[in-house]
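Quick one: structure below, then a few questions.
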Amino acid sequence: MKKVLIVGSGGREHAIAWKLKQSKEPLELYCAPGNGGISELAACVDIAAADVAGMVGWAQENAMDLVFVAPDDPLALGMVDAMKRAGIRAFGPDKAAAEIESSKAYSKWLMKKYGIPTAAFEVFSDGQAALAYVEAAQMPVVVKADGLALGKGVLICDTAEQAKAAVTEIMIEKKFGEAGSRVVIEEFMTGPEVSVLAFCDGKTIRPMVSAQDHKRACDGDAGLNTGGMGTFSPTPKYTEEVRAFAEREIFEKTVDALREEGRPFSGVLFFGLMLTPEGPKVLEYNARLGDPECQSVFMLMENDLWDVINAVIDGRLHEIELRWKKGSAVCVVMASGGYPGSYEKGIAITGLDTVDGDVAIFHAGTKKENGRYYTNGGRVLGVTAMGETMEAAREKAYANVAKIKFEGAHYRTDIGIK
Ligand code: AMP
Ligand code: GLY
């Protein structure tokens with residue numbers, strides 16, 4: 001039996017394990033570090049996701065046939081490169097290709113060079129120059145730390161005062177560490193946001209069904225930014241016209257640009273798009289599956305994931321056509337009380353054994369002890385359901401959310417309402 005190691009510990013990694021378990025190829029799954037829910041499908045190994053040397057060593061000793069590197073940090077640190085050097089098959093972009101996510105300055109430069117639509121921008125590596133620029137710039141502007149900052153390094157500023165404070169926080173006080181040694185200052189855009197994840201083997205790109213994330217903590221997009229409080233797929237905002245434009249002017253051009261630059265992208269490329277009055281533009285790229293986008297997208301995927309990832313690694317993605325279930329999927333995230341601020345851990349979760357058989361509960365932050373589940377993170381569970389319509393999927397998801405209890409549980413009640 002083939003042995004597969006999944007790197008990571010969230011709802012996305014649980015969804016990857018769940019989807020791989022349905023493969024016709026019998027697979028022995030491992031996950032590092034994993035979580036309570038993942039431990040039902042995979043043997044969890046206590047190695048931190050960003051521990052490149054530890055992960056490679058363990059994968060070698062335990063003769064993994066394939067390592068799926070899911071989160072941004074290990075990709076940015078070159079875990080895929082290190083696996084390949086050690087002779088281990090790995091799914092995910094190498095460090096050079098992953099820079100499309102790990103450096104916003106790089107991604108903006110790439111888009112400008114290849115004429116890929118995105119917000120107008122300037123890059124600064126000198127704090128004083130950035131301060132002088134925002135003094136004279138037209139507001140609002142968006143100030144972004146160049147590097148990975150747990151999704152928190154993006155500040156929308158309505159006034160020059162706010163923009164100066166943002167530059168000071170990022171570049172001078174170094175709130176996000178080295179991620180803030182450069183900033184991107186860009187034009188503020190408006191319009192609905194759509195996420196499209198796509199498999200890519202360096203030459204061919206196969207987009208998955210679209211998804212809509214909900215980043216704010218509370219209903220009606222109020223409250224603080226989070227890692228994502230829920231998703232639905234597909235989103236009606238991603239019309240046929242938008243799709244045709246995005247595939248031609250954004251997806252194909254990005255793949256070609258990276259190949260042209262000698263950084264062919266192999267893995268999943270995530271396009272964060274904004275549908276502006278002037279047409280779709282790129283907000284950001286990620287070099288991986290989105291979390292919780294992956295949960296609703298994989299719920300609809302017909303293909304055998306094992307076949308697809310092997311086609312990506314071997315550069316024969318052109319042989320694969322992606323197939324999708326009809327209908328919609330909705331993923332509702334249940335979070336710890338207080339998230340995204342501080343929250344307690346170790347709270348008992350009940351009702352997990354009462355959910356409908358066709359609903360997937362992807363664990364994001366749980367641990368399992370003596371057969372019981374406890375909260376162990378900010379985002380705790382992603383309750384994911386399918387239906388013939390978005391309405392049906394939504395009703396099913398919320399009917400099952402209601403069966404699961406833990407003290408302080410917090411979730412949005414408007415995921416899947418257009
Ligand atoms: P990013 O990490 O670059 O996707 O930014 C996080 C969020 O900030 C996005 O999902 C948008 O909601 C918002 N954002 C980023 N850039 C812009 C922009 N240029 N104009 C308006 N909103 C933006
Ligand atoms: N849900 C957005 C992300 O994974 O970055």
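The values are calculated or read from the model by the stated rules, or taken from the named source; none is laboratory data. Everything numeric in this text was worked out from a predicted model, so none of it was measured. All Cβ positions, glycine included, derive from the backbone under ideal geometry; neighbour counts span all protein chains shown.
Let me confirm something: among 326, 281, which residue is among the basic types (Lys, Arg), at pLDDT 95 or above and part of a strand (DSSP E or B)? So that I can check it myself, show each step before the final result.
Numbers: 326 fails: part of a strand (DSSP E or B).
Matching residue, one of 326, 281: 281.
For the structure I just gave you, tell me whether residue 106 is of a type in the set (Phe, Trp, Tyr), surrounded by fewer than 22 Cβ atoms within 10 Å (Cβ to Cβ) and without any contact (Cβ under 8 Å) to a residue 60 or more places away in the chain. Reasoning before the result, please.
Details: of a type in the set (Phe, Trp, Tyr): yes; surrounded by fewer than 22 Cβ atoms within 10 Å (Cβ to Cβ): yes; without any contact (Cβ under 8 Å) to a residue 60 or more places away in the chain: yes.
For residue 106, the condition - of a type in the set (Phe, Trp, Tyr), surrounded by fewer than 22 Cβ atoms within 10 Å (Cβ to Cβ) and without any contact (Cβ under 8 Å) to a residue 60 or more places away in the chain - is met.
Kindly indicate whether residue 333 is at pLDDT 95 or above and surrounded by 21 or more Cβ atoms within 10 Å (Cβ to Cβ).
On the way: at pLDDT 95 or above: yes; surrounded by 21 or more Cβ atoms within 10 Å (Cβ to Cβ): yes.
Criteria met by residue 333.
Follow-up question, since we're still on this one. Would the stretch 189-206 turn up any residue that is touching a helix residue (DSSP H, G or I) at 6+ places or on another chain (Cβ under 9 Å) and modelled with pLDDT under 95? Talk me through it step by step, then tell me what you get.
Initial filter on the stretch 189-206 (touching a helix residue (DSSP H, G or I) at 6+ places or on another chain (Cβ under 9 Å)): 194-206.
Next cut, modelled with pLDDT under 95 only: none.
Among the residues of the stretch 189-206, not one is touching a helix residue (DSSP H, G or I) at 6+ places or on another chain (Cβ under 9 Å) and modelled with pLDDT under 95, which makes the answer no.
This table checks each residue for (1) within 13 Å of ligand 1 (Cβ to nearest atom); (2) among the small types (Gly, Ala, Ser); (3) outside any strand (DSSP E or B).
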| residue | (1), (2), (3) |
| --- | --- |
| 165 | no, yes, yes |
| 190 | yes, no, yes |
| 200 | no, no, no |
| 223 | no, yes, no |
| 236 | no, no, yes |
| 263 | no, no, yes |
| 272 | yes, yes, no |
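Quick check: anything in the stretch 48-65 buried (at least 20 other Cβ atoms within 10 Å of the Cβ), touching a helix residue (DSSP H, G or I) at 6+ places or on another chain (Cβ under 7 Å) and under 22 Å from residue 284 (Cα atoms)?
Within the stretch 48-65, the subset buried (at least 20 other Cβ atoms within 10 Å of the Cβ) is 49, 52, 55-56, 59, 64.
Within this subset, residues satisfying the condition of being touching a helix residue (DSSP H, G or I) at 6+ places or on another chain (Cβ under 7 Å) are 49, 52, 55-56, 59.
Okay, now just the ones that are also under 22 Å from residue 284 (Cα atoms), so none.
No, because not a single residue in the stretch 48-65 is buried (at least 20 other Cβ atoms within 10 Å of the Cβ), touching a helix residue (DSSP H, G or I) at 6+ places or on another chain (Cβ under 7 Å) and under 22 Å from residue 284 (Cα atoms).
Conditions tested, residue by residue: (1) of a type in the set (Val, Ile, Thr); (2) without any contact (Cβ under 8 Å) to a residue 60 or more places away in the chain; (3) exposed (fewer than 15 other Cβ atoms within 10 Å of the Cβ).
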residue: 243; (1), (2), (3): no, yes, no
residue: 248; (1), (2), (3): no, yes, yes
residue: 257; (1), (2), (3): no, no, no
residue: 270; (1), (2), (3): no, no, no
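Can you pull out the residues in the stretch 205-221 that are acidic (Asp, Glu) and within 13 Å of ligand 1 (Cβ to nearest atom)?
At the first step, the residues of the stretch 205-221 found to be acidic (Asp, Glu) are 213, 219, 221.
Matches in the stretch 205-221: 213, 221.
So, in the stretch 406-418, how many residues would count as being within 26 Å of residue 328 (Cβ to Cβ) and either in contact with a strand residue (DSSP E or B) (Cβ under 7 Å, 6 or more places away or on another chain) or buried (at least 18 other Cβ atoms within 10 Å of the Cβ) (or both)?
As a first pass, look at the stretch 406-418 and keep what is within 26 Å of residue 328 (Cβ to Cβ): 409-418.
Add one more test, that the residue is either in contact with a strand residue (DSSP E or B) (Cβ under 7 Å, 6 or more places away or on another chain) or buried (at least 18 other Cβ atoms within 10 Å of the Cβ) (or both), and what stays is 409-412, 415-416.
Of the residues in that region, 6 qualify.
Among what's in the stretch 379-398 and is in contact (Cβ under 8 Å) with a residue 12 or more places away in the chain and assigned to a helix (DSSP H, G or I), pick the residue that is surrounded by the most Cβ atoms within 10 Å (Cβ to Cβ).
The initial filter retains those residues of the stretch 379-398 that are in contact (Cβ under 8 Å) with a residue 12 or more places away in the chain, namely 379-394, 396-398.
Subset that is assigned to a helix (DSSP H, G or I): 390-394, 396-398.
Working: 390: 20, 391: 14, 392: 16, 393: 26, 394: 23, 396: 20, 397: 28, 398: 17.
Applying the filter and picking the extreme gives 397.
Sticking with this structure for a sec: Among 289, 317, 300, which is in contact with a strand residue (DSSP E or B) (Cβ under 6 Å, 6 or more places away or on another chain), within 16 Å of ligand 2 (Cβ to nearest atom) and touching a residue at least 24 places away in the same chain (Cβ under 8 Å)?
On the way: 317 fails: within 16 Å of ligand 2 (Cβ to nearest atom); 300 fails: within 16 Å of ligand 2 (Cβ to nearest atom).
It is 289.
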